[in-house]
Amino acid sequence: MEEETLKQYMNEYYRGFTGFELEHLEDFAKCLKEYKEFNLADYEIAHLDNDILFPPGDIKIGVRDARTTSKSNISKKILMDIAVFTMKMGGENIKRILEKILLEKSRNDATTKDATGENTTEKEIDRELITIFVKEHMLLFYKDFDHFEKQHIDDFVTAIKNKERVNLVNYETEHLDEDLLIRRGRTPQGVRDKEKKMGVDVIKDNLMDIAAFTIKKSAAITTKILISLGYDHFENLQTKDAAVEELRKTKDKLNSLIAKHKEDKEKIDDLEKEKKIAEERIRSLENEVIKLKESEKKKITRENTISR
């Protein structure tokens, strides 16, 4: 996949988080400050589409640390809640992108078929096939978050307890590859609340930092998936091009045979005409011979009559 195309898809991914801090952060921060459990399932139902793999409130593939409960460490649980919510929102974004890619591919395939004179059927852009394709890649997306809570949440919990922030630039440098679009420590345009001053509310700052880190990690995973799809697409194109070239050669050969057949048929038709003309000439000559014989016979008869 070309870098510019990849950047377009990643821009689309990041745009899905526009307004994130303004719309969601206060809901998580309120529970954290009041030390109350956050109902993530209800929150997802209210703010997200149905996930095609996992039920509201969780990602059941080892993302959470099973030892963490609201009783054991509610702060840690709420931090993980916002991380899971961010993952699910990222999943929603990548689902839309994958559907778009597959629809474009299906339509391109249909256009190629139409160009060769074949009929395109609705089955070739079947929504069920798209869903299967998306599910496979969404599972890869979520599986890359395995052990997320064990690996990252404690760092942000500690920062909250110490009333300080995690240094996102250093943290991303340590844990993430460099982003194609966004510098380390920065979030996509429109995701953070520009009017909020950093340092005034350390809980909100850290909640947004873990969300920002999750968004960037989601982007890194999405990039890998899109690059993989790009290679697959390139290989498919090469295979398709080879098949099209083979079909073109076969078609040219067939056209050549048809042309030769037409030429041979014209020659045969000409020979048939010549044969017919020759047969008519033969019949004409035969008639002339018959007439000559008749004439000769009559002549002999007359001569015999005179001699008597």
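Subtract the Cα-Cα distance of residue 261 and residue 30 from 0.36 nm times their separation in residues, and report this length gain in nm to one decimal.
On the way: separation 231, 0.36 × 231 = 83.16 nm, distance 8.44 nm.
That pair, residue 261 and residue 30, stretches by 74.7 nm at full extension.
Give me the dipole magnitude in Debye, nearest 20, for region 1-75 about the Cα centre, with unit charges on the beta carbon: positive for Lys and Arg, negative for Asp and Glu. With Lys and Arg at +1 and Asp and Glu at -1, about 520 debye. Taking 0.36 nm per residue of sequence separation and removing the Cα-Cα distance, the residue 177/residue 189 pair yields an extension gain of 2.4 nm.
When the chain is treated as a GNM with alpha-carbon contacts under 10 Å, the residue of 128, 12, 296 showing the greatest mean-square fluctuation is 296.
What number, rounded to the nearest 500 deg cm²/dmol, is the helix-based mean residue ellipticity at 222 nm of the chain, given -39500 (n - 2.57) per DSSP H run of at least four residues and division by all its residues?
Details: 8 runs with 211 residues, N = 308.
Using -39500 (n - 2.57) per qualifying helix, the result is -24500 deg cm²/dmol.
Fewest-first ordering of 147, 137 by other beta carbons within 10 Å of each residue's beta carbon gives 147, 137. Taking the number of Cβ atoms within 10 Å of each Cβ as an exposure proxy, the fewest-first ranking of 54, 85 is 54, 85.
Distance between the modelled labels on residue 47 and residue 100, one decimal in nanometres: 2.2 nm (7 Å Cα→Cβ projection). Largest GNM mean-square fluctuation among 297, 76, 253, using the chain with Cα springs under 10 Å: 297.
Spacing of the modelled spin labels on residue 131 and residue 291, each 7 Å from Cα toward Cβ, amounts to 9.0 nm. When peptides 153-164, 209-220 are sorted by average Cβ neighbour count within 10 Å, with the highest value leading, the order is 209-220, 153-164. In the chain, taking the dipole from charged Cβ atoms about the Cα centre, the farthest positive-side position among 8, 182, 208 is held by 8.
If you place +1 on the Cβ of every Lys and Arg, -1 on the Cβ of every Asp and Glu, and leave all else neutral, what size is the dipole of the chain about its Cα centre, to the nearest 20 Debye?
Working: 58 positive and 64 negative charges, 244 e Å.
Around 1180 debye, computed over the chain.
Packing, as the average of other Cβ atoms within 10 Å across residues, places the peptides 282-289, 36-43 in the order 36-43, 282-289, highest first. Counting beta carbons within 10 Å around each of 86, 222 and listing the fewest first gives the order 86, 222.
Tell me, in nm to one decimal, what length is gained between residue 147 and residue 281 on full extension, where the rule is 0.36 nm per residue of separation less the Cα-Cα distance?
Details: separation 134, 0.36 × 134 = 48.24 nm, distance 10.01 nm.
Difference between extended and current length: 38.2 nm.
Read-outs: derived from the displayed coordinates by stated rules, not from any lab. Predicted model, so just to flag it, every value in this text is computed and none were measured. All Cβ positions, even for glycine, are placed from backbone atoms using ideal geometry, and neighbour counts span all protein chains on display.
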